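Read the figures in this text as sums done on the coordinates, not as results from a lab. These numbers were taken from a predicted model, which means no experiment stands behind them. When we count neighbours, we look across all protein chains shown, and the Cβ atoms used for this are built from the backbone with ideal geometry, even at glycine.
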Amino acid sequence: MRRYISIGAVLVAGMLTASDVAGVAAPDLRDRPLTRAADKAGAQVDVELILAVDVSYSMDMDELAVQREGYAQALVSKEFLQALKALPNGRVSVTYFEWAASNDQKIIIPWRLIDGPETADAVAAEILKAPIRRASRTSISGAIYFAMPLFESNPYPGLRRVIDISGDGANNNGAPVTPARDEALSKGIVINGLPIMVKDPSYSTMDIENLDWYYEDCVTGGPGSFVVAIKDRDRFKEAIRSKLLLEVAGRTPQLPLVPAAEKEPRVPCLIGEKMWQDRWGR
C-alpha cells in the first residue's frame, strides 16, 4: 500500500528530529523476503537505497545544483546520522545515478556503504564534485528499468530495497511507466517519489498540472511508499532531507493508507507520451 502525503504534512510531521528517530521502532522484517545474498549470509545493511535523479532539460541549472547540494547535505546531516545509528545494523548502502531519456542513465556514485560520519562525508563529497549535466527527454520507466538490476550488483545487500526517484515531469520517452513500476514492485522493491513543482506548468517544458498526483498514482508503490512534493524552491533541501530520513527509518508520518488498487489514476499515466505526440507528432 502507498501513502499519499502532502508537502506540508511531510515537512511538519515528517521532519524527524534526532529524538524522534531514536524512538522509532525498526519495521518488522520477519515476513519480508531477504535479498539473494542476505538469504545466504544474513543482511549486511538495513536499506539498499538507489537515488535516481532527473537531469532533463526542463530542470534549470539552479535546480540541478540545489538538488545535488540537497542530497549531499542530507547525507551528512545530524538527523540522518542519528537515524542511521538507530537502525538495527546502523548501515545503509547507497548509489546515485542521473537519468533523462530511456537510454541515458549515468552512475555518479556506485554502491557505497554509509555507516557513520566519515563514510557519509565521503559520499557527499563524491556527489558534489561530479560535473552537473543536462540531457533531453524524460523516461521515468528507463530509470526504473536501469535501477532494478543495480540491486543484484550491490556488494552490501540488505533487508529493504528502495528506489528514490526525483523529477519535474511525466514520462514521455521509452516504455510506459506503470509496467516498469509494477515489475519493480513484484520484486519486492519500494519506489518513493520526489516530484519537483517549483515552477508554473509550461507548454514549452512539457510540464503538467498535479505532478504529485501523477507520481502517487503512476510512479510510486510498495509497502509504506510515499511522495514528497516540492512546491517551494526555498524548501528544496529541507524536503530532500525529510525524505531520506523517512526512507532510512522505514517510516512515514501516521496518515491514512489508501490502497493503490482502490484508486483510479487522477492524472492519466500516459499523459507525458500524449503531450509529446500532440506536440511533435512522434
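What the table below lists for this structure:
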quantity	calculated
Nearest-20 debye value, region 59-107 charge dipole, Cβ charges on Lys, Arg, Asp, Glu	460 debye
Under 19 Å from the Cα of K199 - lysines, other chains or at least 8 residues apart	K231, K237
Mean separation of Cα contacts under 8 Å, 6 or more apart, over the residue count of region 65-197: relative contact order %	23 percent
Neighbour-count order for D60, D278, D212, D115, fewest beta carbons within 10 angstrom listed first	D278, D60, D115, D212
Lysines whose Cα lies under 19 Å from that of K187, excluding same-chain neighbours fewer than 8 positions away	K40
Spin-label model distance (nm) - E118 vs M61, 7 Å beyond Cα toward Cβ	3.8 nm
Listed peptides 62-75, 123-136 by packing density, highest first (mean Cβ within 10 Å)	62-75, 123-136
Ranked packing of 214-225, 189-200, most packed first, by mean Cβ within 10 Å	214-225, 189-200
Sequence-distant lysines (8 or more away, or on other chains) whose Cα lies within less than 17 Å of K129	K106
Region 48-186 shape via C-alpha gyration tensor axes, a/c threshold 1.5	oblate
Charge dipole of region 83-235 about the Cα centre (unit charges at C-beta), most positive-ward option of G167, W111, S136	W111
